[in-house]
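The block underneath contains the structure these notes are about, expressed in structure tokens.
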Amino acid sequence: MKFRLNDIMAMQTPFYYYDTQLLRETLDQLKRHAQGLPAVIHYAVKANGNPRILKEIADAGLGADLVSGGEIKAALAAGFDPQMMAYAGVGKTDWEIRLGLDQKIGCFNVESVPEMDVINQLALEAGRMAPIAIRVNPDIDAHTHRYITTGTAENKFGITLEDLPAVIDHAIALPHIHLRGLHFHIGSQLTLMEPYRMLCDKVNELQDYYEQRGVRFEIINVGGGLGIDYDNPDKHSVADFEQYFAVFKQHLNLRPGQQLHFELGRAIIAQCGSLISRVLYVKRNRDKSFVILDAGMTDLIRPALYEAHHQVQNLTSVATEQDIYDVVGPICESSDVFARNFSLPITQRGDLIAIRSAGAYGESMASTYNMQPLPPAHFL
Ligand SMILES: *Cc1c(COP(=O)(O)O)cnc(C)c1O
């Protein structure tokens with residue numbers, strides 16, 4: 001992403017800074033590489049629900065993947081087509097389900113039988129059919145951080161393969177449920193394509209099995225999770241959509257007329273944003289140097305929550321020599337650390353620091369812990 005330094009220098013820190021041009025370029029590449037698939041691409045709003053970003057993505061013709069009533073409202077306000085909305089989550093409340101029914105969203109991604117029964121009941125009361133896909137837990141290890149792997153039997157998401165036949169029968173029997181498809185989402189920040197290939201094999205197997213039993217699906221939803229290069233945000237400023245879609249083109253046996261749904265969050269928005277912060281102090285403790293920023297884990301919690309690494313860039317230092325620093329925030333927690341033993345040009349109070357690849361799960365996860373204000377957003 002680009003930085004317009006003159007603008008940045010005049011702004012109060014910390015704030016999120018987004019490169020709209022890079023977002024457009026990313027959306028163009030995304031759509032280009034999906035050509036040849038009957039794809040409906042949903043943007044996972046939880047990655048970043050900033051209204052300007054949502055509008056940009058809705059205008060590009062994408063659908064929306066939603067995990068709460070608040071997100072349904074935000075997606076409606078941004079102009080997403082309700083028919084291209086998928087609503088997922090293990091804990092949908094009654095008002096959220098009613099909202100989805102009233103707005104005629106395209107699909108509820110259902111995670112349990114008790115939830116399906118409630119959706120059926122609320123659809124009956126609303127005089128509607130509820131379109132659903134069953135979220136299947138395919139028991140595939142995505143080889144990502146344990147907090148962001150979602151497709152193995154040990155975690156709370158989806159219906160296990162053993163239970164699936166009975167749950168499908170149950171769905172077909174419910175009078176106000178319209179079973180449209182199967183949904184899968186195996187994890188986040190996947191950089192290897194092997195788990196996606198395994199997912200394709202699993203989907204093919206399930207489709208063959210159900211076809212023999214007379215069950216056909218309109219929709220196969222393979223979720224999201226495509227990762228980005230946190231180490232090289234400039235070299236790989238756009239995710240490798242070509243490689244990702246190629247896996248599905250090569251390995252998935254879709255039936256005629258079937259739609260293939262995707263739900264991508266991070267891969268669309270992560271590289272388009274940075275968290276911009278000022279250095280408050282450079283502090284020395286024995287043999288360690290700390291760069292203390294005015295941004296912390298309340299602005300960007302990923303390092304503290306998932307042990308995630310972001311590149312840290314000093315935007316203003318003109319020093320030619322480097323030093324090794326721990327880059328930390330002001331919050332009263334030992335985990336409020338952005339980078340350890342990180343090499344930066346000699347850094348001093350007042351320097352502007354960009355924490356890169358922060359467009360996804362940054363602003364949307366910000367909190368007011370320590371009574372910190374929420375970070376504002378500015379656009380290039
Ligand atoms: C979070 C989530 C996504 C998006 O994940 P990314 O890693 O940001 O692509 C897609 N589908 C579901 C069900 C999710 O929970």
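The values are calculated or read from the model by the stated rules, or taken from the named source; none is laboratory data. This structure is a prediction, so every number in the text was calculated from the model and none was measured. We place every Cβ from the backbone using ideal geometry, glycine too, and count neighbours over all the protein chains shown. These accessible areas exclude ligands, DNA and RNA; they are computed on the full protein's heavy atoms, side chains included. Shrake-Rupley method; radii C 1.70, N 1.55, O 1.52, S 1.80 Å.
With the full set of protein chains in place, find how many percent of the accessible area of region 167-232 is carbon and sulfur; take the probe as 1.4 Å.
Values: 1290 of 2620 Å².
C and S fraction of accessible area: 49 percent.
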- Message: Taking the solvent-accessible surface of protein heavy atoms with a 1.4 Å probe, what is the per residue accessible area of region 20-269 in Å²?
- Response: 42 Å²
- Task: Sort 104-112, 340-348, 10-18 for me by packing, meaning the mean count of neighbouring Cβ atoms within 10 Å per residue, highest on top.
- Result: 104-112, 10-18, 340-348
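Within the accessible area of region 271-379, what % is carbon and sulfur when the probe is 1.4 Å and the other protein chains stay in place?
Values: 2580 of 5110 Å².
C and S atoms contribute 51 percent here.
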- Write down the radius of gyration of the chain and its Dmax, each obtained from C-alpha positions, in Å. 22.2, 72
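Nearest 5 is fine: what % of DSSP beta bridges in the chain come out antiparallel, could you say?
On the way: 24 of 61 bridges.
Looking only at bridges with both residues in the chain, the antiparallel portion is about 40 percent.
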- Message: Using a probe radius of 1.4 Å on heavy atoms only, what accessible surface per residue do you get for region 271-379? Whole Å² is fine.
- Response: 47 Å²
- Taking Glu211, Glu162 and ranking on accessible area (1.4 Å, protein atoms only), highest first, one gets Glu162, Glu211
- Task: Divide by every residue of the chain the summed helix terms, -39500 (n - 2.57) for each DSSP H run of at least 4, and state the resulting mean residue ellipticity at 222 nm, rounded to the nearest 500 deg cm²/dmol.
- Result: -8500 deg cm²/dmol
- Message: Give the separation of the Cα centroids, region 333-380 to region 5-23, in Å.
- Response: 13 Å
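So which of Lys31/Lys73; Lys31/Lys92; Lys73/Lys104; Lys46/Lys156; Lys2/Lys235 end up more than 20 Å apart by C-alpha? Could you put the intermediate results ahead of the total?
Working: Lys31/Lys73 25 Å; Lys31/Lys92 31 Å; Lys73/Lys104 13 Å; Lys46/Lys156 18 Å; Lys2/Lys235 13 Å.
From the list (Lys31/Lys73; Lys31/Lys92; Lys73/Lys104; Lys46/Lys156; Lys2/Lys235), the Cα-Cα distance tops 20 Å for Lys31/Lys73; Lys31/Lys92.
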- Ratio of the Cα radius of gyration of region 113-251 to 2.2 N^0.38 Å, where N counts its residues: 1.18
